[in-house]
Amino acid sequence: MNDSPDHRRPDFSTVLEAPTTAPPGFHRPDWRSRFPWLVQGTTSRGDLTNPFDLGLFSDASPALVVTKNWDALRSSTGFRRVVHAHQVHGSVVRFHRSGTPGLHLVGPCDGHATADPGVLLTVTVADCVPVFVVDPERRVVALLHAGWRGTAAGILERGLQTLRERVQSRASDLEVHLGPSICGACYEVGPRVFEALGLGVPDGPAPLDLRAALARRAVAAGVAPRNMSVSELCTRCSEGALFSHRAGDRGRQAAYLGIAP
């Protein structure tokens, strides 16, 4: 692998997320204690014989099963309104207000933000990085879906810009957590991916730590390194607890983030 400075891990903390049962998955426990108004987590595969698949745009599970799982996510988190979208690996971020209850599918995008209590933001992942952004000062949140294409397109920077434009968030006030996704040891990509991300280009396929690349981008955008964290969970090597596209799964887990009703 190329030894250029582009591949050095930035100075951020790692977090071993705690398990949840309703919904099945994981959450960042210190956020729950520090921000009692916040609801945050990432679902897991759940019961191996009856997977908790939330893939609305995949064919891993029957539509009725997936819809039932979304209802369970909504009820277990205490939210009446849930927003989701068809994700296209781009940089569009939508800002949501409170409204009618139910699961709301909005236009294609890879990011969501809200300042309203009772709106649960969701993205689905199965190796891509769920990016949780919290402004504790203004009580506003954003949730982003970042694969390598979305990262190269600037989804993280666009998410921070959306908060700045809509509610005057300052990057230095934000806390950013990069949730369960494929780790650098499990994610080998070709030179064109490194080039697209503006990293040193190796001679051939090489491991890529996408969360480290996102952390560098966040710090470059003004997020304080002390406010950056990365999940220790890997979708590929966490003993089958999570869906992994690279492992051949077609199911999807959902990352969720919202201000409690």
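Within region 34-65, if we keep just the residues that are touching a Gly at 6+ places or on another chain (Cβ under 9 Å) and part of a strand (DSSP E or B), the residue that is modelled with the lowest pLDDT turns out to be G46. Among the residues making up region 19-51, a single one is without any contact (Cβ under 8 Å) to a residue 24 or more places away in the chain, small (G, A, S) and surrounded by 12 or more Cβ atoms within 10 Å (Cβ to Cβ): G46.
Each row is one residue, and each column tells you yes or no for (1) free of Cβ contacts under 8 Å to residues at least 60 places away in the same chain; (2) assigned to a loop (DSSP other than H, G, I, E, B).
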position	(1), (2)
V201	no, yes
G204	yes, yes
A215	no, no
G222	no, yes
S229	no, no
E239	yes, yes
L242	no, yes
A247	yes, yes
Y256	no, no
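Confirm whether T162 is surrounded by fewer than 23 Cβ atoms within 10 Å (Cβ to Cβ), closer than 21 Å to H84 by Cβ and polar (S, T, N, Q). For T162, the condition - surrounded by fewer than 23 Cβ atoms within 10 Å (Cβ to Cβ), closer than 21 Å to H84 by Cβ and polar (S, T, N, Q) - is met. In the set (1) in contact with a Cys (Cβ under 9 Å, 6 or more places away or on another chain); (2) in a loop (DSSP other than H, G, I, E, B); (3) among the aliphatic types (A, V, I, L, M), the condition left unmet by A185 is number (2). For region 213-225, the condition holds for no residue, the condition being that it is at pLDDT 95 or above, in contact with a Leu (Cβ under 7 Å, 6 or more places away or on another chain) and surrounded by fewer than 17 Cβ atoms within 10 Å (Cβ to Cβ). Of everything in region 85-123 that is among the aliphatic types (A, V, I, L, M) and without any contact (Cβ under 8 Å) to a residue 60 or more places away in the chain, the residue that is nearest to P136 (Cα to Cα) is A113. Looking only at region 133-149, decide whether some residue is acidic (D, E), within 21 Å of V15 (Cβ to Cβ) and buried (at least 17 other Cβ atoms within 10 Å of the Cβ). Yes - at least one qualifying residue is present in region 133-149. Screening V193 on (1) surrounded by 18 or more Cβ atoms within 10 Å (Cβ to Cβ); (2) over 13 Å from the mean Cα position of the chain (by Cα); (3) touching a residue at least 60 places away in the same chain (Cβ under 8 Å) shows it passes everything except condition (3).
The values are calculated or read from the model by the stated rules, or taken from the named source; none is laboratory data. The shown structure was predicted, so the numbers you read here are calculated from the model rather than taken from an experiment. Neighbour counts are summed over all protein chains in view; Cβ atoms, including those assigned to glycine, are modelled from backbone coordinates with ideal geometry.
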